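The structure appears right after this line, and notes come after that.
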Amino acid sequence: MATIAENAIAKAAGEVTNGKETNGSAVAKKGEEVAVEVEPKTGVSFPVKLDDGKQLNCVGVRKKSMLGLGIKIYAFGMYADNEKLKDVLKSKIGKAPEKPNKELYQLVIDSDVEMVVRLVIVFSSLTMSMVRKNFEEGLGASIRKLTGGKKNDELANKLMGEASDNIKLTPGSLIEISRLPGYVLEMKVMGEVISKVESELLFRAYINLYLGDDPLDKDAKDKFGMSLISLF
């Protein structure tokens with residue numbers, strides 16, 4: 001049987017599941033087989049391609065240290081318009097590097113290529129106030145790294161918008177952060193838009209959390225890097 005998290009991510013992708021997986025690699029979609037990739041530490045499945053054509057470049061898990069333990073907070077999948085990413089990389093670099101390097105990641109962070117990061121909650125005691133604090137701290141640190149140490153807490157706090165702390169988050173709840181045209185960063189919680197912020201700095205700072213020098217999941221960053229090289 002599919003887990004709550006798998007059903008949530010499948011539903012968000014517009015898929016109709018029959019509650020079964022085929023060797024962990026596909027779910028049913030109106031009679032079709034749709035490939036998925038499973039985040040191994042949490043068992044959460046992510047479709048390898050979204051309805052709008054964005055492709056999955058990596059999956060990972062966000063952990064938080066609590067009482068000396070590494071608690072899994074959410075699984076994530078990073079999607080991008082890979083054709084446009086390929087154009088950006090080839091125009092700036094030309095030839096594929098032997099392995100992912102800082103220049104490669106920085107090009108993605110600084111580009112205006114559309115991306116989506118899907119977060120599927122796995123921690124059963126997560127609250128919106130905890131999510132708010134996590135995003136504000138993470139984005140605040142990321143902004144400082146991109147601006148040579150300058151703080152901009154007001155900008156970091158904008159992503160959570162007017163999201164109510166009363167929103168219930170259970171395992172399988174879906175949060176999506178999208179980079180849209182015009183350097184707009186949009187956040188949805190269970191399909192509801194809670195913020196839409198136009199800011200090139202915030203646009204870059206969010207992806208820097210995953211692909212910067214101190215990523216949330218180094219293995220996921222490495223996988224994203226290998227995916228970039230494959231585009232050449």
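The values are calculated or read from the model by the stated rules, or taken from the named source; none is laboratory data. Keep in mind it's a predicted model, so treat the numbers as computed, not measured. Counting neighbours? That spans all protein chains shown, and the Cβs are built from the backbone with ideal geometry, glycine included. Please note that ligands, DNA and RNA were not included when accessible areas were found on the heavy atoms of the full protein model with its side chains. Shrake-Rupley method; radii C 1.70, N 1.55, O 1.52, S 1.80 Å.
Given the alpha-carbon gyration tensor of region 190-230, what are the semi-axes of its equivalent ellipsoid in whole angstrom, ordered largest first, with each equal to the square root of 5 times an eigenvalue?
Details: eigenvalues 114, 34, 22 Å².
Listed largest to smallest, the semi-axes of region 190-230 are 24, 13, 11 Å.
Please give the per residue accessible area of the chain, computed with a probe of 1.4 Å over protein heavy atoms only, in Å². Mind showing how you got there, number by number?
Details: 11430 Å² over 232 residues.
I get 49 Å² per residue for this part.
Please report, to two decimal places, log10 I(q)/I(0) for the chain at q = 0.09, 0.12, 0.16 Å⁻¹ as given by the Debye formula with identical point scatterers on the Cα atoms and no solvent.
Log10 of I(q)/I(0), two decimals: -0.36, -0.65, -1.19.
Let me know the charge dipole size of region 124-232 about its Cα centre in debye, to the nearest 20, where only the beta-carbon of Lys, Arg (+1) and Asp, Glu (-1) is charged. Present the calculation step by step, with values, prior to reporting the outcome.
Details: 15 positive and 16 negative charges, 27 e Å.
So the dipole magnitude of region 124-232 works out to roughly 140 debye.
Kindly write out, for region 216-231 in residue order, the coupling ³J(HN,Hα) from the Karplus curve 6.51 cos²θ - 1.76 cosθ + 1.60 (θ = phi - 60°), rounded to whole Hz, with x marking Gly and Pro.
Each residue of region 216-231 in turn: 5, 8, 5, 4, 5, 4, 4, 5, 4, x, 5, 5, 5, 4, 5, 5 Hz.
So for the pair ASP51, THR127, with labels modelled 7 Å out along Cα→Cβ, what separation do we get in nm?
Each label point is offset 7 Å from its Cα along the Cβ direction, giving 3.5 nm.
Ranked highest first by average number of other Cβ atoms within 10 Å, how do 76-85, 122-131, 163-172 line up?
Working: 76-85: 20.8, 122-131: 16.3, 163-172: 14.1.
Packing proxy ranking, top to bottom: 76-85, 122-131, 163-172.
List every residue whose amide H lies under 5 Å from the amide H of GLY43, counting only residues 5 or more places away in sequence or on a different chain, with H placed 1.01 Å from N in the peptide plane.
Residues meeting the criterion, in which the H sits 1.01 Å from N, do not exist here.
Need one number: convex hull volume per residue for region 36-158, Cα atoms only, in Å³.
Once divided by residue count, the hull of region 36-158 is 159 Å³.
Step through the residues of region 116-127 one at a time and calculate ³J(HN,Hα) from phi using the Karplus curve (6.51 cos²θ - 1.76 cosθ + 1.60, θ = phi - 60°), rounding each to whole Hz and writing x for Gly and Pro.
9, 10, 9, 10, 10, 5, 10, 7, 6, 9, 6, 10
For the ranges 87-97, 138-148, 106-116, what's the packing order if you count other beta-carbon atoms within 10 Å of each residue, average per peptide, and put the highest first?
106-116, 138-148, 87-97
Pop a pseudo-label 7 angstrom from the Cα along the beta-carbon direction at both ASP153 and VAL38 and give the gap in nm to one decimal.
4.4 nm
Post the alpha-carbon centroid distance, region 94-160 to region 167-201, in whole angstrom.
Centre-to-centre distance over Cα atoms comes out at 13 Å.
If the limit is 24 Å between Cα atoms, which of LYS49/LYS84; LYS99/LYS158; LYS63/LYS84 go over it? Write down the numbers at each step before the final one.
Values: LYS49/LYS84 15 Å; LYS99/LYS158 35 Å; LYS63/LYS84 31 Å.
Checking Cα-Cα distances, LYS99/LYS158; LYS63/LYS84 exceed 24 Å.
Quick one: Debye curve from the C-alpha atoms of region 49-93, no solvent, what's log10 I(q)/I(0) at q = 0.17, 0.28, 0.30 Å⁻¹?
-0.63, -0.94, -0.99
In whole Hz, with x marking every Gly and Pro, tabulate ³J(HN,Hα) for region 207-213 from phi via Karplus 6.51 cos²θ - 1.76 cosθ + 1.60, θ = phi - 60°.
Result, rounded to whole Hz: 5, 4, 4, 9, 10, x, 5.
Is it possible to state the helix-based mean residue ellipticity at 222 nm for the chain, with each DSSP H run of 4+ residues giving -39500 (n - 2.57), the sum divided by total residues, to the nearest 500 deg cm²/dmol? What is it? Display every interim value, and only then the final one.
Details: 7 runs with 79 residues, N = 232.
So the helix-based figure for the chain works out to -10500 deg cm²/dmol.
Along each of its three principal axes, how wide is the spread of alpha-carbon positions in region 119-232, in whole angstrom units, largest first?
Sorted from largest, the Cα extents of region 119-232 read 43, 30, 25 Å.
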